[in-house]
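Chemist: Would you mind keeping the following structure in view while I ask a few things?
Taken together, the values in this text are just the output of simple stated rules run on the coordinates, not laboratory data. What you see is a predicted model; the values in this text were computed from it and never measured. Backbone-built Cβ (ideal geometry, glycine too); neighbour counts: all protein chains shown.
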Amino acid sequence: MKRHVQSQPDAGDPGAVGAPTDSGGAGDSPGLPGLSTWGAVYLLVFAVFVFVVVGLAVFTRVYA
Amino acid sequence: MNALDWIVLLGSMLGIAAYGTWRTRHTDHLDTYLKGSRTTGWFTIGVSVMATQASAITFLSIPGQGFESGIGFVQNYFGLPLALILVCAVFLPIYRRLGVYTAYEYLGRRFDARTRLLGAALFLLQRGLASGVTIYAPAIILSTVLGWRVDYTIVGTGVLVIIYTVTGGSVAVSLTQKWQMAVIFGGMITALIVLLAKLPAEALPVAGALGKLEAVDFSLNPDRRYTFWSGLLGGLFLSLSYFGTDQSQVQRYIGGASLREGRLGLVFNAILKIPMQFSILLLGALVFVFYQFEPAPVFFNQAEWRRHAEGPNAERFRVLEQKHAALHAQRQVAVRAWIDARAGGDATVQATTRAAMVEVQKRVDAVRAEAKAALVAADPRAKTKDSDYVFITFILTQLPHGVVGLLVAAMFAAALGSKAGELNALGTTSTIDLWRQFRPLAAHDEARNVRNAKWFTAFWGVFAIGFALFARFSENLIEAINILGSLFYGVVLGLFLVAFFARRVGGTAVFWGALAAQVLVFALYSTLKISYLWYNLIGCAACVLFSAALQLFLPARRPPDAA
């Protein structure tokens, strides 16, 4: 992971702040099997959300 | 509670607190104290985010909500996964890239010192007041049913959480939250298993027939309390404010081993939160079915009921109890008749028995409403909301010893976990956004920073205990604190949305735009009669629009350098 030291504190930030932790760049891949990009992970989360809502709608229809 | 319950309760709570304190006793680096260990993985982050959000009230009130109104409340969480995707994609990478300790520190980088101070002040005001309620609300319920003194419960839980949060900071909070969540899940799953063992196979159809299993409602009718649309839109804004800008959450995920770990921790919540809330609500709906077959009290806050039932109106209360008991016998017969009709397969008989079952339930509800009216007649200040007492009553009267201790421990674990997250955030914001802002020369003294963070954390802990002990809380005041949150959350979210997406807007425009939006929210709140949830949306929209409009009359902002 790339780390770099912040050069100057900005205006309005009088003291040293925590060191930047990472760049958030392409090196930070999800590392999940079958999901090589974060876009794919978010798509999976959305798909799970849709699946859960459809599941709940079916549950409502079956029991209500 | 017997000796076994006490051993389970005290063993788990004191054990977790002692373990957290001992393991983190040497935390003396500011970065570790405020952001947690650099080796923290996604699972710990995910559990910590979940534990901070889930307070004891979640596990006491939500089953009660399922009991009383059914599982439709789950729709309130529909905006959460979408909000967490936005936090993962936009908020978190910026916070980590800049290496900030607090969300408001980012506002200082993006705008100026006064905007940072405004964001931090709004957070401290709202979260500081809410911290008293977080400790008071479960204490009053647990003390009432367990017969403990409420002040002892408040001080006991408050001191315990202060000890390990002050000692180990963010590391201790995450470490203890992981074990506390294990106790919570262990307890809730055990309760579900015991409950299922006590229920007939037709429990779900009974709950459905009595209107408790309407999970999704696509209606556009604004009069409906919970719908898919209000949950999606309102939930999106609420969750975005809470997870993206509330330091008690931001602090949970900005640390950790890498950006990946933080993101996966949030994804963990985005996937699990709705199923988790559904399970807790379903537990409440199943407790409702349980009380179709077993005698239930007419009013679940039995301590409140007995206080008035033994007074001058004793006869009225006794008649209500008798009416409720008689209706319970009728209800039992009606439910069994419907189950038999269902097994028989005759549609006409099914419809007739179902209508009879629903009718008896309506009469039971009417008697419960009458009981609440009797309480108010006896004492206008009487607490009439008993749904929070349903699940704890079930636990104490129906579960075996040992499991009772585990479930009470689960409630306290939830209280400690969410409280620790709050104190940690309040201490951090006070240190980073207030103290360091006004003492810039001391900012480079790491040991002094850690020492101050500990003092501020302890201060907020003592403040929360004092507020819980001495403020005169009522059911309405607890709601008032929620209203207070909604009045501020929208404007704070607006500040961050401008920071992220309106790159031409500078500090002066956003500062005055936010103040104007806050004044507008207060003005609307004092004149309009709309649900307080709408103020999240109004405050946010007003802040963004006012800031953009003001910027038109101000000199152009320098090209952005921080974000």
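Chemist: Mind pulling the angle between the C-alpha long axis of helix B:446-470 and the longest principal axis of chain B? Nearest 10 degrees, somewhere in 0 to 90.
Modeler: Compared with the principal axis, the helix lies near 30 degrees.
Chemist: Here is a follow-up. List, in order, the whole-Hz ³J(HN,Hα) value for each residue of region A:42-51 obtained from phi through the Karplus relation with A = 6.51, B = -1.76, C = 1.60 and θ = phi - 60°; use x for Gly and Pro.
Modeler: The phi angles translate into 5, 4, 5, 4, 5, 5, 5, 4, 4, 4 Hz.
Chemist: Report the calculated FRET efficiency for A:Ala47 and B:Ala197 (r = Cβ-Cβ distance, R0 = 35 Å), to the nearest 0.05.
Modeler: 0.50
Chemist: Further question: Over chain B, what is the mean sequence separation of C-alpha contacts under 8 Å (at least six apart), divided by residue count, expressed as relative contact order in percent?
Modeler: Numbers: 897 pairs, mean separation 169.8, N = 563.
Worked out over chain B, it gives 30 percent.
Chemist: For B:Leu272 and B:Ala471 in one chain, what is 0.36 nm times their gap in residues minus the Cα-Cα distance, to one decimal in nm?
Modeler: Numbers: separation 199, 0.36 × 199 = 71.64 nm, distance 3.60 nm.
Residue separation times 0.36 nm, minus the Cα-Cα distance, leaves 68.0 nm.
Chemist: Which of B:Ser418, B:Ser230 comes first, and how do the rest follow, when ranked by fewest Cβ neighbours within 10 Å? Display every interim value, and only then the final one.
Modeler: Details: B:Ser418 26, B:Ser230 22.
With the sparsest Cβ surroundings first, the list reads B:Ser230, B:Ser418.
Chemist: Further question: Residue by residue through region B:289-306, which ³J(HN,Hα) values in whole Hz follow from phi under the Karplus form 6.51 cos²θ - 1.76 cosθ + 1.60 (θ = phi - 60°), with glycine and proline marked x?
Modeler: Karplus values, whole Hz, x for Gly and Pro: 5, 3, 7, 6, 9, 10, x, 10, x, 5, 9, 6, 7, 5, 5, 5, 4, 5.
Chemist: Hey, another quick one. Using θ = phi - 60° and the Karplus curve 6.51 cos²θ - 1.76 cosθ + 1.60, what whole-Hz ³J(HN,Hα) does each residue of region B:414-429 get, with Gly and Pro shown as x?
Modeler: Taking θ as phi minus 60°, the curve returns 5, 5, 5, x, 6, 5, 4, x, 5, 4, 4, 6, 5, x, 5, 5 Hz for region B:414-429.
Chemist: Under 23 Å between alpha carbons, and skipping anything fewer than 8 positions from B:Lys383 in its own chain: which lysines qualify?
Modeler: Within the straight-line cut-off, B:Lys383 pairs with B:Lys323, B:Lys362, B:Lys372.
Chemist: Moving on to the next point. Please list the non-local residues whose amide H lies under 5 Å from the amide H of B:Gly70, H modeled 1.01 Å from N, same-chain partners needing a gap of 5 or more.
Modeler: The answer is none.
Chemist: Once you put a point 7 Å from the Cα of B:Asn2 and another 7 Å from the Cα of B:Phe522, both along the Cβ direction, what distance in nm separates them?
Modeler: Rounded to a tenth, the inter-label distance reads 5.8 nm.
Chemist: Continuing with the same structure: Given the DSSP H assignment, sum -39500 (n - 2.57) over each helix run of at least 4 residues in chain B and divide by its residue total; what's the result at 222 nm in deg cm²/dmol, nearest 500?
Modeler: Value at 222 nm, helices only: -25500 deg cm²/dmol.
Chemist: Another question, then. Among all the lysines, which ones have a C-alpha under 21 Å from B:Lys419's C-alpha, if same-chain residues fewer than 8 places away are not counted?
Modeler: B:Lys419 reaches B:Lys35, B:Lys178, B:Lys273, B:Lys454.
Chemist: Tell me the trypsin sites (Lys or Arg not before Pro) within region B:1-50 that lie in a loop according to DSSP and have at most 12 other beta-carbon atoms within 10 Å. Write out the running numbers ahead of the final one.
Modeler: Numbers: sites: B:Arg23, B:Arg25, B:Lys35, B:Arg38; in loops: B:Arg25, B:Arg38.
Here the trypsin sites (Lys or Arg not before Pro) that fit, given the DSSP loop and packing criteria, are B:Arg25.
Chemist: Sticking with the crude label model, points 7 Å out along Cα→Cβ, report the distance from B:Tyr152 to B:Ala182 in nm, one decimal please.
Modeler: Result for the modelled spin labels: 3.0 nm.
Chemist: OK, next. Please enumerate, by chain and number, the aspartates and glutamates with C-alpha under 15 Å from the C-alpha of B:Lys198, excluding those fewer than 8 residues away in the same chain.
Modeler: Straight-line reach from B:Lys198, under 15 Å: B:Glu294.
Chemist: Based on other C-beta atoms within 10 Å, arrange B:Tyr95, A:Tyr63 from fewest to most. Write out the running numbers ahead of the final one.
Modeler: Details: B:Tyr95 24, A:Tyr63 18.
In increasing order of surrounding Cβ atoms, one gets A:Tyr63, B:Tyr95.
Chemist: Kindly put B:Arg342, B:Arg503 in sequence by how many other C-beta atoms sit within 10 Å of each C-beta, fewest to most. Write down the numbers at each step before the final one.
Modeler: Details: B:Arg342 17, B:Arg503 13.
Ranked by crowding around the Cβ, least crowded first: B:Arg503, B:Arg342.
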